[in-house]
1. How do the peptides C:197-205, B:102-110 rank, highest first, by the average count of neighbouring beta carbon atoms within 10 Å per residue?
2. Cut-off is 10 Å between beta-carbons; in what order do C:S101, B:S26 appear when sorted fewest neighbours first?
3. Filter chain B for me: DSSP H helices, axial length by Cα at least 27 angstrom, mean Kyte-Doolittle hydropathy not below 1.0. List them by residue number.
4. Of the DSSP beta bridges with both residues in the protein assembly as shown, give the percent that are antiparallel, rounding to the nearest 5.
5. Relative to the Cα centre, what is the charge dipole magnitude of chain C, using +1 at the beta carbon of each Lys and Arg, -1 at the beta carbon of each Asp and Glu, and rounding to the nearest 20 debye?
6. Just rank B:T184, A:T193, fewest to most, by other beta-carbon atoms within 10 angstrom.
7. Nearest 5 is fine: what % of DSSP beta bridges in chain A come out antiparallel, could you say?
8. Where does the Debye-calculated log10 I(q)/I(0) of the protein assembly as shown sit at q = 0.08 Å⁻¹, using only Cα point scatterers of equal weight, no solvent?
Amino acid sequence: MAEVELRNVGQFFRRSGGALVEAVADVSLVIRSHEFVCLIGPSGCGKTTLLQLVAGLTPASQGQISVDGAAIAGPSPERGLVFQRDSVFPWMRTIDNVSYGLKCRGVEKTKRIEIARQYLRQVGLGDVERSWPRELSGGMLKRVAVATVFANSPRVLLMDEPFAALDYVTKLQLHQLLLTLWEQHRPTVLFVTHDVDEAMLLADRIVVMKEGRVVDDRKITLARRRTVESLALPEAVAHKEVLLRHLGLGELVQDRTAPL
Amino acid sequence: MKRTTAHRLTSFGVLVVLAALWQLASILMPYESVPGEPMIPGWQILVTRTFLSLADYWQGGLGVPSVAQGGPRTYAGAALAVLSNSWDTSLRLFTGLTLGVAVGLVAGLAVSWSKWSRRIVALPAQIIRTFPMLALIPMFQLWFGATFLGMALFVAFAVGVIFFTGTVNAVGNVSDIHVDYARTQGASRIQIYRSVILPAMFPELRSSILLSLGTAWTAVIAAEFLGAQTGLGQIIVFAQYFGYVGRMFLVALFLLFYAAITYALFERASRRLTEWMPRELATPDRYGAP
Amino acid sequence: MARTSLSVARLPVDPLGIIGLLALVALWWGLSQFHFLSRLALPPPAGVAAAITQNFFSSSYLANYHLGYGGLAGNLAYTISNVVVALAVSCVVGVALGFASARVELFRAFADPIMLTAGTIPILVTAPFFLIWFGTSRSAQIALLILFDVTIVYLFAQRAAANLDPTYVAAGRTLGAGPMRIVSDVYLKGALPEVFGGIRIALAGAWGLEAFSELLGAPKGVGRVIQAMAAEMDSQMVFAAIMTLAAVAVAFDVAIGGAFDFITRWRRRARL
């Protein structure tokens with residue numbers, strides 16, 4: 001479907017003191033079609049900045065980002081983004097939120113309502129389409145945001161720590177929901193997180209960033225719809241140990257001799 | 001609901017108490033501003049003799065001759081005088097208000113289009129906000145005379161400045177995340193303005209609207225105080241020259257009543273426009289208009 | 001959308017804002033050059049500046065109109081003193097009533113309807129009454145301003161005291177603070193930011209109100225200068241008076257803002 005390529009991408013900004021800060025430094029990365037990639041790293045490592053660059057919200061200071069060989073120019077609904085904070089428009093009813101992207105593209109009203117309704121039902125919110133966002137819980141708002149991006153049938157799905165603020169159970173429910181939708185529509189996914197377990201559960205491939213650079217890139221070949229059992233297999237544990245050590249949590253790991 | 005009902009009852013009670021205090025003061029202090037005109041006229045005088053005397057401000061017509069042409073003071077004449085002067089005042093008010101809001105809003109949105117233009121107007125806007133608008137009335141009279149146009153333009157000017165600065169501020173405070181969210185869904189600049197900026201800025205703009213309403217009333221009253229031929233404000237100032245406290249008081253009550261109605265109407269309209277908001281955000285500030 | 005670059009935000013004044021201000025003056029100058037607006041109606045900036053400097057500290061011209069020999073400054077002093085006196089009185093009264101209403105439910109039930117009504121009505125309507133009761137004296141203007149200021153300060157003080165986290169009061173009491181200390185150290189300091197916001201709003205409205213009530217009748221003051229000069233069709237002097245008053249209003253606003261930032265420097269400030 002869509003291959004995302006980053007070539008020597010860099011992003012600088014000037015701190016208030018005047019010092020130049022490299023948020024993203026010389027990142028080259030190819031994300032294959034339909035791949036589910038998790039981008040992990042300690043806070044401030046540049047992963048959110050990188051995601052914003054791929055979304056096209058900020059132009060990169062350096063390098064090139066392309067989707068299927070075409071350089072990106074600004075944001076586009078074909079690269080849907082789910083934010084960490086609540087981005088759902090509080091002044092639109094649920095159904096109007098979900099159909100907003102379609103409306104922007106000029107999809108005719110009955111058609112777009114029909115599509116939005118279908119996705120709302122898929123995320124389990126069929127009965128609140130006329131509600132105001134203020135009447136929904138945090139988890140429900142996230143479902144609305146997920147339904148909204150999928151309604152735009154994006155080729156690339158970008159997620160910026162989307163479930164970080166949710167409680168444990170809601171988060172696990174949304175993981176399953178996301179996997180179901182992904183299996184159905186197969187967008188290419190770039191998912192930013194700082195949660196190793198979340199990454200292990202979701203990703204085909206985990207990319208680790210530190211101080212603006214990619215320091216590790218590993219394939220996770222565990223069979224899909226991972227379970228508590230499959231995540232306890234030696235292969236999974238080995239991945240997790242390396243990832244934790246990347247995050248500076250080496251004391252949690254027994255075998256500290258394996259190379260990073 | 002119970003709380004608001006209780007609140008309304010207390011408010012009403014306090015109004016009754018105030019009216020009674022006025023009556024008490026009129027009995028305790030029977031001074032006269034000019035012979036025959038009590039300094040604090042009691043209600044029994046206000047609703048009869050004082051109200052009847054408002055017939056003096058009826059220009060004649062509709063089968064009710066004006067007092068100046070030798071007609072008697074009648075209740076019909078008084079009612080017509082109140083109606084026609086209220087009409088004049090409201091026409092000046094609403095013409096100016098509509099014009100000021102429209103120009104202020106459009107100019108504010110236009111300036112907000114680019115971050116450069118927004119930065120250019122930020123400082124002048126801040127300074128103009130503290131500008132003593134009311135002191136400008138004599139200039140408007142020099143420019144336009146004591147005409148309908150001059151008064152409406154003055155109202156429009158005072159309202160327009162408030163609305164312009166309010167709009168620029170409100171647009172600047174719209175949360176980035178909503179704008180980004182719309183952009184990632186492919187919304188164009190115009191679509192972002194229509195579906196994100198306008199609704200998102202409305203809660204903050206509401207205090208500007210209320211401030212504009214208050215300012216519009218103040219501006220129209222001020223303009224009428226200084227040399228209008230008709231209007232409620234003109235009656236008050238005219239009565240003050242002759243020491244007719246009763247007439248001043250009665251007409252001021254009419255003005256306050258109308259102002260209260262405009263506030264209530266706005267509250268009702270804005271409640272529908274802000275149905276989406278969490279309740280605690282839905283009560284705006286309405287204070288600060290002189 | 002609204003991000004300005006950080007290096008600029010650190011300067012006290014945005015240089016682009018200065019450009020905006022200059023553009024405004026240029027616009028004024030440009031308009032005054034058009035002939036359909038006669039020079040009499042819209043005086044050029046330079047003429048107004050000259051009128052201000054010539055008549056600032058002393059002016060026999062203004063003295064001709066019974067406005068004293070003190071020039072614009074003398075009349076400005078009258079106006080400023082009225083505004084300041086009214087504001088000082090209103091702060092004491094407004095804060096006291098506002099705090100009391102936040103603590104005592106019964107008092108609030110009585111005070112709120114009066115204050116809230118007074119806060120929304122166009123206060124200007126009462127100006128002619130004060131003229132009748134007090135004559136064209138200082139009291140008429142000060143009374144009008146107090147009425148205006150008190151309602152605003154009251155409301156902000158009440159809201160500040162009501163919104164103050166009760167944890168602070170509880171903490172103060174467990175640390176042994178008596179009722180007086182609670183009021184002075186917790187309520188007064190905690191409520192200060194919001195009260196200051198109210199004072200700023202009150203002050204911004206007060207200048208125009210004071211000038212206008214002087215227009216209606218006062219012994220002297222900037223409003224009287226404006227009225228006398230408008231009657232003479234001397235628009236240059238009218239503008240000179242308005243501009244000096246505006247400058248004073250801006251100066252007060254900046255000073256209050258600076259004082260506010262200093263006194264409440266313990267606050268966590270949102271970076272914009």
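None of the figures in this text is laboratory data; all of them are computed from the coordinates on show. Note that the coordinates shown come from a computational prediction; the quantities given were computed from them, not determined experimentally. Cβ placement follows ideal geometry from the backbone for every residue including glycine, while neighbour counts extend to all protein chains displayed.
1. Numbers: C:197-205: 22.2, B:102-110: 17.9.
Final packing ranking: C:197-205, B:102-110.
2. On the way: C:S101 23, B:S26 19.
Listed from fewest to most nearby Cβ atoms, that is B:S26, C:S101.
3. Details: long enough: B:2-28 (38 Å, 0.94); B:75-112 (54 Å, 1.21); B:148-172 (36 Å, 1.99); B:198-225 (39 Å, 1.03); B:245-273 (42 Å, 1.10).
Result, helices passing both filters: B:75-112, B:148-172, B:198-225, B:245-273.
4. Values: 24 of 42 bridges.
For the protein assembly as shown, the DSSP antiparallel bridge percentage is about 55.
5. On the way: 18 positive and 13 negative charges, 170 e Å.
Charge dipole, chain C, about its Cα centre: 820 debye, nearest 20.
6. Working: B:T184 29, A:T193 22.
Arranged by neighbour count, lowest to highest, B:T184, A:T193 become A:T193, B:T184.
7. Details: 21 of 39 bridges.
Taking every DSSP beta bridge with both residues in chain A, the antiparallel ones total about 55 percent.
8. Cα-only, vacuum Debye calculation for the protein assembly as shown: -0.85.
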